[in-house]
Amino acid sequence: MARDYYEILGLQKNSSKDDIRRAYRRLAHDYHPDKQGGGDEKKFREINEAYEVLSDDAKRGQYDKFGQTFEQARASGQSGFGGFSGFQDFSEFMHGVGENFSRGPFSGIEFDFGDIFSDIFGGARQSRRTRGVDLEMILEIDFLEGVFGAEREIELDKKDICQHCKGSGAEPGSKVITCPRCHGLGQITSKKQTILGNVQHVEVCSRCQGQGKLPEKECAECHGQGVRKQKKAIKVTIPAGIENGQRIKVSGEGEAGYRGSQPGDLYIAVRIKPSSKFERSGSDILSTASISFYQAALGAKIAIDSVDGEVMLKVPPGTQGGDVLRLRGKGVPHIQTQKRGDHLVTVKVLTPKKLSKEEREIFRKLAEKKGENIDPDDGMWGKIKDNF
Ligand SMILES: [Zn+2]
Ligand SMILES: [Zn+2]
């Protein structure tokens, strides 16, 4: 499980944006895997993941409120729920640093990572502009689906791999040629004379988008993009215990990338519909139950609606209004451990409003026995008198 993002960067919850940025620069430099003498790839990933979230006001707000995004195992092949989100594949990430990438609203590595490291470690890094865009959607689920999880089929209308060219961007049968502009290197290197001497400038080839190759004849359906807008249905597993506002990441189900390059990711923000019977407080279910005055005094067994259906709740003698009774293990499974919380029932005691003559007599006797001061003239006259 990932550690706390603030802890990873050695920060407090109230740290300023400058603090976050400074901590990130220092740690990323210390642990960068390209560093001479060796960095720490795992740590470096953690640092980047933490910074990606904490440097973005919207994501930081969401993290403070709900914690991390949950990652769905990739729809193709693998099954089940992938646990906490990590950052994208490290190798891919290292290529992806650069300028001009087009990305969805939640995907952003918006820091100037390239600036920081191009000086220190040198070397050109491929542009990420070819990667598919991340998608974000909201999925409304029922209260009990949030408790026990669910399988949902979702239909996406997105740019996906062009079926005609299978994403290559080349008309079937057409040859793939080496890019004439960059001669297959994917980048253009130029030298500039400055007062500091020769400075080498490297940029991504605009003709082939850094791929080094081109189709001789572009696909007629997608005009060489390798992607076309189309509908796609995917299955999503909603983990048991998910909370309102938490997100599920489905890797690779964003939009397809330019000419078969890496697709974006899909983020599903879960909105849980309220229930008329229950409320949730973390792993606990909350509800109220009304019992009579007599049941409160004498104790009772009453039927309660739980998320598992009707169960019997033991009300001990002498229960007071406002007392909270616990149904152990009838709460929400924890999203990771699946250990269930409790169902807490707040008891409301109903005082009888209309008493029969006989009941009134019994109560009066009980009260007199206790020496309690009651209105001796209850009944019609008493009620009128009270109003004066
Ligand atoms: Zn095509
Ligand atoms: Zn080129």
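The values are calculated or read from the model by the stated rules, or taken from the named source; none is laboratory data. Note that the structure is a prediction, hence the values are computed from the model and not measured. Cβ sites come from the backbone with ideal geometry, for glycine too, and all protein chains shown count toward neighbours.
Quick look at the numbers
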{"item": "Leading residue by the ranking (farthest from ligand 1 (Cβ to nearest atom)) among those in region 182-198 that are surrounded by 11 or more Cβ atoms within 10 Å (Cβ to Cβ) and over 15 Å from E216 (Cα atoms)", "result": "T189"}
{"item": "Only listed residue being within 16 Å of ligand 1 (Cβ to nearest atom), in contact with a strand residue (DSSP E or B) (Cβ under 6 Å, 6 or more places away or on another chain) and of a type in the set (A, V, I, L, M, F, W, C), chosen from V176, V202", "result": "V176"}
{"item": "Selection count, region 135-151, where residues are hydrophobic (A, V, I, L, M, F, W, C) and not in a helix (DSSP H, G or I)", "result": "6"}
{"item": "Qualifying residue in region 37-58 (condition: part of a loop (DSSP other than H, G, I, E, B) and loosely packed, with under 14 Cβ neighbours inside 10 Å)", "result": "yes"}
{"item": "Filtered residues of region 185-202 (kept if on the phi > 0 side of the Ramachandran plot and touching a residue at least 40 places away in the same chain (Cβ under 8 Å))", "result": "G186"}
{"item": "Residues of region 264-294 classified as part of a loop (DSSP other than H, G, I, E, B) and surrounded by fewer than 22 Cβ atoms within 10 Å (Cβ to Cβ), total", "result": "8"}
{"item": "Flag if A150 is within 16 Å of ligand 2 (Cβ to nearest atom) and farther than 14 Å from Q230 by Cα", "result": "no"}
{"item": "Which numbered condition K166 misses (of (1) touching a strand residue (DSSP E or B) at 6+ places or on another chain (Cβ under 8 Å); (2) among the basic types (K, R); (3) within 16 Å of ligand 1 (Cβ to nearest atom))", "result": "(1)"}
{"item": "Tally of residues being among the polar types (S, T, N, Q), closer than 30 Å to D64 by Cα and surrounded by 18 or more Cβ atoms within 10 Å (Cβ to Cβ) across region 199-249", "result": "2"}
{"item": "Residue within region 241-263 that is within 16 Å of ligand 1 (Cβ to nearest atom) and in a strand (DSSP E or B) present", "result": "no"}
{"item": "Residue within region 146-162 that is more than 30 Å from K59 (Cα to Cα) and not β-branched (V, I, T) present", "result": "yes"}
{"item": "Residue check for I268: more than 22 Å from T130 (Cα to Cα) and more than 16 Å from ligand 1 (Cβ to nearest atom)", "result": "yes"}
{"item": "Matching option when the condition is in contact (Cβ under 8 Å) with a residue 60 or more places away in the chain and either more than 26 Å from the chain's Cα centre (by Cα) or more than 30 Å from A233 (Cα to Cα) (or both), among C165, C205, C182", "result": "C165"}
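Conditions tested, residue by residue: (1) surrounded by fewer than 18 Cβ atoms within 10 Å (Cβ to Cβ); (2) at pLDDT 95 or above.
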site: I138; (1), (2): yes, no
site: F148; (1), (2): yes, yes
site: R152; (1), (2): yes, no
site: Q163; (1), (2): yes, no
site: K166; (1), (2): yes, no
site: G169; (1), (2): no, no
site: S174; (1), (2): yes, no
site: I177; (1), (2): yes, no
site: P180; (1), (2): yes, no
